[in-house]
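First the structure, in the form of C-alpha cells, and then the observations on it.
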Amino acid sequence: MTKLTEEDRRNIEGLASTLSVRLISPREVVEAIEASEDWGLARQVVEGNSFSSIVFPDMEKVTFINPKGNEWLKTEEQAYVTALHELGHHACGHTAMDKETLTDSTIADKEREAWQWARDHANRVLSPETEAYMAECLNTYEARARWTS
C-alpha cells in the first residue's frame, strides 16, 4: 500500500487548512455515509478509494484520505498528487455541482482544472512517471466526454 510521506502529509494538511477543508478518516466517512444514506459514496469507499472530495448536506467541506494508502497508487508521489487533486476540486469550486446540468464534458473540464491545481501546488517538480499517471487519469474523463458528445 502506498502512503503519503510525512512532508507531503504536512503540505496537504496546510493546504487543506488554507482552503477550510477538513481531512477525514475512513471511520468518519462511514459515519457520514450512514447519516446521509449516500450508498453510491459508500460503494466508492468500500471499493477502496484513498482520496475523495465530499460535501455532505449540513457538513463542511471534507476530503477523505485513507492513511493506509491504496494498492492502485504505485508511488508515494502518485498518492501525494492524488490528494492534491482532490483538494483542487475544493479550491476550484467543484464540490457544489448541479447534477441536472453536469455532463461528461463539464466533468472532464473540472478534472483538468483539479489536476492543474495539483501540479501548481505540489511542493516539488513532479516526475515524468507522475505526469504520465495524471495524464492517464485525466484521459479516462476526456475519452468519456468524446464518446458521449
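Miscellaneous remarks
- Selection from segment 108-122 of residues that are modelled with pLDDT under 95 and more than 13 Å from the chain's Cα centre (by Cα): A108, D109
- Some residue of segment 36-48 being assigned to a helix (DSSP H, G or I), modelled with pLDDT under 60 and among the basic types (K, R): yes
The values are calculated or read from the model by the stated rules, or taken from the named source; none is laboratory data. These numbers were taken from a predicted model, which means no experiment stands behind them.
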